[in-house]
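If you scroll down you'll find the structure; I have some questions about it.
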Amino acid sequence: MTSTPLLKLSAVRREYSAGDTVFAALKSIDLTIEAGEMVAIVGQSGSGKSTLMNILGCLDQATSGSYQINGRDVKDLAPDDLAALRREHFGFIFQRYHLLGDLSALGNVEVPAVYAGATRAERDARARSLLERLGLGDRTRNRAGQLSGGQQQRVSIARALMNGGEVIFADEPTGALDSASGKEVMAILGELHAEGHTVILVTHDHAVAEHADRVIEIRDGEIVSDRRVREYNARPMADRPARTQSRFAAVVDRAREAFRMAVLAMAAHKLRTFLTMLGIIIGIASVVSVVALGKGSQQKILSDISSLGTNTLTVFPGKSFGDMRSAKIETLKASDAEALAQLPYVDSATPSVSTSNTARYRNVSATAQVSGVGGSYFRVRGLEVTSGGVFGETEVRDIEQVAVIDENTAKTLFVNGEDPIGQVVVVGKVPLRIIGVVGTQQQGFGGSDSLTVYAPYTTVMSRMLGQAFVSNISVRISDGVPTDAAQSAVSDLLARRHGTTDFFINNSDDFLKTITSATRTMTLLVAAIAVISLIVGGIGVMNIMLVSVTERTSEIGVRMAVGARQSDILQQFLIEAVLVCLIGGVLGIALSFSVGLLISLLGSTFSMVYSTTSIGAAFGCSTLIGIAFGFLPARRAAALAPVDALSRD
Ligand code: ADP
Ligand code: MG
């Protein structure tokens with residue numbers, strides 16, 4: 001013969017090793033099969049027929065010897081080239097049908113076309129017409145379990161023909177069928193042969209083998225006879241489906257198929273999937289909640305602080321807090337405040353002095369914090385007036401003996417509940433007329449028990465302390481002015497007035513920054529602990545995915561036999577892992593939200609603040625965990641040899 005044969009085996013040997021011993025299932029097989037032949041390989045059970053057929057079908061590789069397909073040695077082909085060969089040119093029919101149980105008859109038949117990149121319409125039409133032709137037109141929606149053995153085998157024949165199936169490999173196709181169904185299947189194979197398909201049939205039944213043109217008998221891994229029963233005339237194959245789908249659309253289609261299979265697999269084990277998810281749910285819920293709690297507490301602290309007045313600078317004497325000499329520095333004057341108030345960046349500047357003294361009303365006395373403040377103080381600090389009013393610039397200028405007290409003081413001094421407004425309280429030796437009551441001021445964190453009496457700073461300086469200097473000056477910066485610019489302007493002016501820098505400026509922004517970074521550190525720390533729980537959840541996912549791969553080895557084998565690439569298998573299991581984690585993530589976020597809702601329903605002043613960033617991060621995190629922990633099982637699935645996967649039933 002002059003042309004290259006379709007399939008050519010030379011000195012092919014296949015060994016299996018079991019422990020120390022090596023067993024040769026095939027010993028030096030030489031065999032040539034031409035396109036269009038119908039060949040039966042017969043032999044007793046265990047003689048090596050399936051081993052031979054798996055090598056011919058590129059599901060398995062020979063230990064030694066060469067196998068050429070159309071003159072090309074399969075040793076030179078990569079796994080994906082072999083997959084392409086199986087997908088585009090081969091079709092397999094197995095004794096046990098090997099249909100995918102989660103799919104309908106139609107779905108099963110379509111699988112090879114999905115991997116081959118046919119459009120949905122193309123493959124739907126072709127699968128239907130094939131099923132129609134095989135007498136299953138009314139069974140397209142049935143699952144494998146709802147079909148008889150003969151029907152299942154016909155579905156598997158349709159699947160083998162889906163991409164053309166030039167060469168059909170049938171391993172004991174009638175082995176599990178009743179004789180009527182067996183006859184039907186053999187008739188179909190005969191028809192296919194008549195249409196030009198090359199058919200390679202493996203059977204232990206000589207009667208079945210008689211359907212072929214050529215019968216090869218094999219015994220203990222060796223060919224013992226090779227006889228031609230009928231002459232054959234190679235007919236050209238007519239029927240090969242056309243492909244119109246673009247490359248990109250085909251990739252999307254395969255991803256969609258992988259997604260669908262992942263969903264089906266998850267649905268098949270709902271409880272198991274949920275328990276696996278639980279780790280992710282708890283992990284994500286705790287991360288999101290911790291971050292939300294951190295944000296909530298930060299916002300609460302920040303709003304407490306901002307009630308102290310935002311965008312303010314405070315000028316103190318000395319070099320810094322804790323400077324021993326600052327008590328002796330008497331250069332900070334009320335006139336400094338007046339000068340500062342003239343600066344363009346400055347909204348207002350009020351000096352304040354403070355001291356503590358005994359406040360007396362009738363026979364009740366208590367130690368109070370005396371704050372000598374300016375007229376705009378109450379507005380700047382946002383203090384809430386609960387009764388009466390507050391003093392202003394006039395009272396300050398006129399050094400009036402008036403006072404505003406906070407609620408603590410009112411409660412302490414006016415034990416019988418009388419109205420403090422208009423009453424006179426003696427502070428130290430100075431009688432002050434109460435004109436108003438304000439809410440207790442937040443002293444940094446939490447409430448304060450101290451009593452505070454506010455009086456014009458002029459009154460406190462001249463009548464109580466007899467000093468000409470102030471304790472500090474609060475400068476309110478105009479809106480929209482950068483704090484830094486205002487701060488340097490204030491600093492320059494004071495340094496010029498004093499001739500030296502004997503003061504320091506405390507910036508409320510710096511304070512906010514410190515608080516923000518402190519709460520952020522706390523949040524990070526707790527979130528790190530929550531992340532550990534996520535990792536534990538991820539390990540759970542990996543574990544269950546490994547189980548899933550083991551369980552579905554046979555499915556993987558079938559997919560590989562019909563031409564799935566390694567990347568298709570990898571993708572399918574990765575998608576499943578990512579999906580478990582993503583759904584877990586969504587449920588985790590939902591759980592965290594319900595915890596937040598519960599807290600707010602319980603009437604806590606404290607609330608959880610969910611940021612889109614943290615929710616986005618939770619999604620990202622779950623996807624990443626899915627990929628990271630799903631990769632190993634998925635790669636293990638993809639790396640399976642088709643024959644090993646198939647034989648593990
Ligand atoms: P047949 O299909 O003719 O019944 P096989 O080709 O399946 O026979 O097997 C041929 C021989 O190789 C048998 O003795 C079988 O036990 C052995 N064999 C087949 N597959 C394996 C395997 N994966 N590992 C070890 N031995 C195997
Ligand atoms: Mg066999």
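The values are calculated or read from the model by the stated rules, or taken from the named source; none is laboratory data. Nothing here was measured: the structure is a model prediction, and the numbers come from that model. Please note: Cβ atoms are built from the backbone with ideal geometry, for glycine as well, and neighbour counts cover all protein chains shown. Surface accessibility is based on the protein's heavy atoms, side chains included, excluding ligands, DNA and RNA. Shrake-Rupley method; radii C 1.70, N 1.55, O 1.52, S 1.80 Å.
Report, in degrees rounded to the nearest 10, the 0 to 90 angle that the Cα long axis of helix 483-498 makes with the longest principal axis of the chain.
Helix 483-498 sits roughly 30 degrees off the main axis of the chain.
Hey, another quick one. Any idea of the accessible area per residue across segment 547-649, 1.4 Å probe, to the nearest Å²?
So segment 547-649 comes to 44 Å² accessible per residue, rounded to a whole number.
Just round it to a whole percent: the fraction of Cα-Cα distances in segment 383-475 exceeding 15 Å. Before the final figure, lay out each step's value.
On the way: 2644 of 4278 pairs.
Cα-Cα pairs in segment 383-475 separated by more than 15 Å: 62 percent.
Let me ask something additional. Could you pull the Rg and Dmax for segment 380-437, using just the Cα atoms, both in Å?
In Å, with Rg to one decimal and Dmax whole: 11.6, 34.
When only alpha-carbon atoms count, how far does segment 1-60 stretch along each of its three principal axes, as whole angstroms with the largest first?
For segment 1-60, the Cα spread along each principal axis is 44, 21, 18 Å.
In a Debye calculation with equal point scatterers on the alpha-carbon sites of segment 330-501 and no solvent, what is log10 I(q)/I(0) at q = 0.08 Å⁻¹?
-0.26
In cubic angstrom, how much convex hull volume per residue do the alpha carbon atoms of segment 340-406 span? Let's see the in-between values first.
Details: hull volume 7.3 nm³, N = 67.
It is 109 Å³ per residue.
Now for a different question. Return the Rg/Rh ratio of the chain with Cα-based radii and a Kirkwood Rh. Write out the running numbers ahead of the final one.
Numbers: Rg = 43.7 Å, Rh = 32.3 Å.
Reported Rg/Rh (Cα atoms, Kirkwood Rh): 1.36.
Compute the acute angle (0 to 90°) between the alpha-carbon long axis of helix 508-551 and the principal axis of greatest extent of the alpha-carbon atoms of the chain; round to the nearest 10°.
Result, in degrees: 20.
In vacuum, with every alpha carbon of segment 280-363 counted as one equal point scatterer, what does the Debye formula give for log10 I(q)/I(0) at q = 0.12, 0.13, 0.21 Å⁻¹? Two decimals, please.
The calculated log intensity ratios at q = 0.12, 0.13, 0.21 Å⁻¹ are -0.69, -0.74, -1.09.
Sort out for me the Cα centre separation of segment 157-233 from segment 20-41, rounded to whole Å.
If we compute the Cα centre of each part, the gap is 15 Å.
Evaluate Rg over Rh across segment 179-295, taking Cα atoms for both radii and Kirkwood's formula for Rh.
Values: Rg = 27.5 Å, Rh = 20.8 Å.
Rg/Rh: 1.32.
In addition: In debye, nearest 20, what is the charge dipole magnitude of the chain about its Cα centre with +1 on Lys and Arg Cβ and -1 on Asp and Glu Cβ, if you could check?
Dipole magnitude for the chain comes out near 480 debye.
Also, quick follow-up: Which whole-number percent is the relative contact order of the chain (Cα, under 8 Å, 6+ apart)? All intermediate terms of the calculation are to be shown ahead of the outcome.
Values: 1236 pairs, mean separation 111.5, N = 649.
Contact order relative to length: 17 percent.
Per residue, how large is the accessible surface of segment 7-245? Use a 1.4 angstrom probe and give square angstrom.
Details: 9820 Å² over 239 residues.
Ligands and nucleic acids excluded, the figure is 41 Å² per residue.
Using only the Cα atoms of segment 7-245, what semi-axes does the equivalent ellipsoid have when each is the square root of 5 times a gyration tensor eigenvalue? Give whole Å, largest first. Walk me through the numbers on the way to the answer.
Details: eigenvalues 165, 81, 65 Å².
Its equivalent ellipsoid spans semi-axes of 29, 20, 18 Å.
How tilted is helix 120-133 with respect to the longest principal axis of the chain? Cα atoms for both, answer in degrees (0 to 90, nearest 10).
30
Compute from the Cα atoms of segment 524-648 the Rg and the Dmax, the latter being the longest Cα-Cα distance, and quote both in angstrom.
In Å, with Rg to one decimal and Dmax whole: 18.9, 65.
A follow-up question, please. Per 10 Å bin from zero, what fraction in whole % of the C-alpha pairs of segment 464-593 is there, up to the bin with the longest pair?
Taking every Cα pair in segment 464-593, the percentages come to 9, 20, 16, 12, 11, 11, 10, 7, 4, 1, 0.
Can I ask one more? Using a 1.4 angstrom probe, figure out how much accessible area segment 330-501 has per residue, in square angstrom, rounded to the nearest whole.
Working: 7910 Å² over 172 residues.
Accessible surface, normalised per residue, equals 46 Å².
Whenever you get a sec, compute what percent of the accessible area on the chain sits on carbon and sulfur atoms (1.4 Å probe).
56
Further question: Return the equivalent ellipsoid semi-axes of segment 44-166 as a descending list in whole Å, where each equals the square root of 5 times an eigenvalue of the C-alpha gyration tensor. Let's see the in-between values first.
Values: eigenvalues 162, 66, 22 Å².
So the three semi-axes of segment 44-166 are 28, 18, 10 Å.
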